[in-house]
Ligand SMILES: [Zn+2]
C-alpha cells in the first residue's frame, strides 16, 4: 500500500488594487477597498498632497503639512482638506 499524497487545489483570492492586501471573499475585499488608506477616493493621509512622511505604527503621525489631524493616532479618512498629490512632469 502506498502513502496517500496531498491533493492539489486552486483557491480564488480577492486582492485590493491599491495595496495588494488579499481576501478570501470578494465581499470582505470590497469592504476593505472602501476603507483602504491607499484608495484616493477614501481621501486619507496616504494619498494626500499635504502628507509628507511615513506613518510609524503605534506612533502619532504629524506628517500632515496642514496639521489637520494633530491628535489622531491613525490616518484621517474623508479629510476635508484632502488634495491630490501633484507629481512634477
Ligand atoms: Zn487596500
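The values are calculated or read from the model by the stated rules, or taken from the named source; none is laboratory data. All figures in this text were calculated on a predicted structure; none of them were measured in a lab. Neighbour counts are summed over all protein chains in view; Cβ atoms, including those assigned to glycine, are modelled from backbone coordinates with ideal geometry.
Residues of region 22-34 that are without any contact (Cβ under 8 Å) to a residue 12 or more places away in the chain and in contact with a helix residue (DSSP H, G or I) (Cβ under 9 Å, 6 or more places away or on another chain): 22, 23, 34.
One residue stands out among those in region 47-64 that are at pLDDT 75 or above and either near the ligand (Cβ under 10 Å from one of its atoms) or assigned to a loop (DSSP other than H, G, I, E, B) (or both): the one that is surrounded by the most Cβ atoms within 10 Å (Cβ to Cβ), which is 48.
What are the residues in region 21-46 that are assigned to a loop (DSSP other than H, G, I, E, B) and under 28 Å from residue 81 (Cβ atoms), if any?
Keep residues of region 21-46 that are assigned to a loop (DSSP other than H, G, I, E, B), which gives 21, 24-25, 36-39, 43-44.
Result: 21, 36, 37, 38, 39, 43, 44.
For region 75-88, check the following and say yes or no: at least one residue is at pLDDT below 70 and either at negative phi or assigned to a loop (DSSP other than H, G, I, E, B) (or both).
Step one: list which residues in region 75-88 are at pLDDT below 70, which gives 75.
Imposing the further condition that a residue be either at negative phi or assigned to a loop (DSSP other than H, G, I, E, B) (or both) reduces the set to 75.
Yes, the conditions are met somewhere in region 75-88.
Can we say residue 9 is more than 9 Å from the ligand (Cβ to nearest atom), over 12 Å from the mean Cα position of the chain (by Cα), exposed (fewer than 12 other Cβ atoms within 10 Å of the Cβ) and modelled with pLDDT of 95 or more? Spell out how you get there, then give the answer.
On the way: more than 9 Å from the ligand (Cβ to nearest atom): yes; over 12 Å from the mean Cα position of the chain (by Cα): yes; exposed (fewer than 12 other Cβ atoms within 10 Å of the Cβ): yes; modelled with pLDDT of 95 or more: yes.
Judged against the criteria, residue 9 is a match.
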